[in-house]
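Some notes on the structure that comes next.
None of the figures in this text is laboratory data; all of them are computed from the coordinates on show. Nothing here was measured: the structure is a model prediction, and the numbers come from that model.
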């Protein structure tokens with residue numbers, strides 16, 4: 001009798017679409033759930049080096065919640081590559097300018113830093129309002145356990 005570990009293939013994954021309402025959700029809690037869904041860790045076919053995850057649509061990104069004093073103390077840094085080229089923006093300013101980027105950056109930090117991680121991040125669609133162009137995919141509503 002032969003015993004072996006099953007390794008999933010890309011063709012084994014039936015990509016489902018989920019929609020998540022981020023209004024009133026804490027940023028870190030929603031990001032961990034989204035990263036897990038994108039990665040496919042909820043799936044019995046989960047294989048670390050294969051994309052076995054689902055596509056996720058996030059709506060109402062401008063209604064995300066941060067706890068404590070993070071609105072003013074959390075700073076998102078970026079660097080131009082030149083000497084003294086570091087720039088920072090607070091969470092409050094980022095929410096006003098690009099509310100989608102807060103969720104995208106939080107989820108990106110929880111995904112692997114390789115080709116697979118970039119591919120998984122492309123399956124995350126974030127929108128600041130309630131409208132989204134993915135109605136033809138018939139997304140299922142993902143129940144929220146990450147509300148404040």
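Here is how the numbers come out for the structure above:
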{"item": "Volume per residue of the C-alpha convex hull in region 80-148, rounded to whole Å³", "result": "164"}
{"item": "Using alpha-carbon coordinates, inclination of helix 99-108 to the longest axis of the chain, degrees", "result": "50"}
{"item": "Length-normalised contact order of the chain in % [C-alpha pairs under 8 Å, at least 6 apart]", "result": "33"}
{"item": "GNM top mover of 11, 36, 136 - the chain, alpha-carbon springs below 10 Å", "result": "136"}
{"item": "Most mobile of 18, 76, 46 in a GNM of the chain (Cα contacts under 10 Å)", "result": "76"}
{"item": "Antiparallel content of DSSP bridges confined to the chain, in %, to 5", "result": "35"}
{"item": "Gaussian network model of the chain, Cα within-10 Å springs - most flexible of 40, 109, 88", "result": "88"}
{"item": "Relative contact order %, region 38-90, counting alpha carbon pairs below 8 Å whose residues are six or more apart", "result": "23"}
{"item": "Hydrodynamic radius of region 1-135 per Kirkwood, over alpha carbon pairs, in Å", "result": "16.4"}
{"item": "Pairwise centroid distance, computed over Cα atoms, of region 6-44 with region 57-122, Å", "result": "19"}
